[in-house]
Amino acid sequence: MKRLVPIVLLTLASLPVAFRTGQAALIEHEKIRVSERGPMGARREGEFEGLFGDTIGLIEASSGLHRRIPLSAIESIDRPRRTTTSIGRGAGRGFLLGVLVGTVVGALGYNDDIVVSDRTTSTVIGALGMGLTGALLGGTVGAMYGHDSWRRVPRSEWASAEPH
């Protein structure tokens, strides 16, 4: 138990400084997505810099530019819930594409000289072989690339926040 005390204290001391905004907090250097109002309202992703008067500071992820966005121009703010991968989706798409390609290759590549007895067997073997290969490649690609799932931050949690 005595060993846990320093670990807990160190963990608490290393928590980032947060802006208190009622129930929750926007944390400096936290990844956020800001949607602006208007017909051409931009959606910007980046790092939360802080609140400066009636503006929010954002370091854009795409360009690295420091932006100040007026709170009155903001439609919504989202924070990432989690990053999800698409292993199953990639494997499914790869399998379907592999089956299509394998069917065509198996049907067109049939040759009497090979051990396969007829065109139907050649087509099935081609479809299954290419389908499984496509599923393996698609699952691998799906595991490598993920996307963020976002959660909306209620307006009451950031519109009345105290500035920097």
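The values are calculated or read from the model by the stated rules, or taken from the named source; none is laboratory data. Every value quoted in this text rests on a predicted model; they were computed, and no experiment measured them. Note that we place each Cβ from the backbone using ideal geometry, even for glycine, and neighbour counts take in every protein chain shown. The accessibility values were calculated without ligands, DNA or RNA, using every heavy atom of the protein model including side chains. Shrake-Rupley method; radii C 1.70, N 1.55, O 1.52, S 1.80 Å.
Numbers below:
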| quantity | calculated |
| --- | --- |
| Length added when fully stretched, Arg155-Ile27, from 0.36 nm per residue minus Cα-Cα | 44.5 nm |
| Linear extension gain, Arg82 paired with Glu36, 0.36 nm per residue minus alpha-carbon span | 14.3 nm |
| His147 - accessible surface, heavy atoms, 1.4 Å probe, Å² rounded to 10 | 80 |
| Taking only Cα atoms of the stretch 24-132, radius of gyration then Dmax in Å | 26.3, 80 |
| Ranked order, Ile74, Ile87 - accessible area, probe 1.4 Å, largest first | Ile87, Ile74 |
| Backbone HN-Hα couplings from phi across the stretch 27-38 [Karplus 6.51/-1.76/1.60, Hz, Gly and Pro as x] | 9, 4, 6, 7, 6, 9, 10, 10, 9, 8, 6, x |
| Other-chain or far-sequence residues with amide H under 5 Å of Glu30's (modelled H) | Phe48 |
| Label-point gap, in nm, between Ile125 and Val141 - each point 7 angstrom along Cα→Cβ | 2.7 |
| Per-peptide average of other Cβ atoms within 10 Å, ordering 128-141, 40-53 highest first | 128-141, 40-53 |
| The stretch 45-102, accessible surface, carbon-and-sulfur percent (1.4 angstrom probe) | 58 |
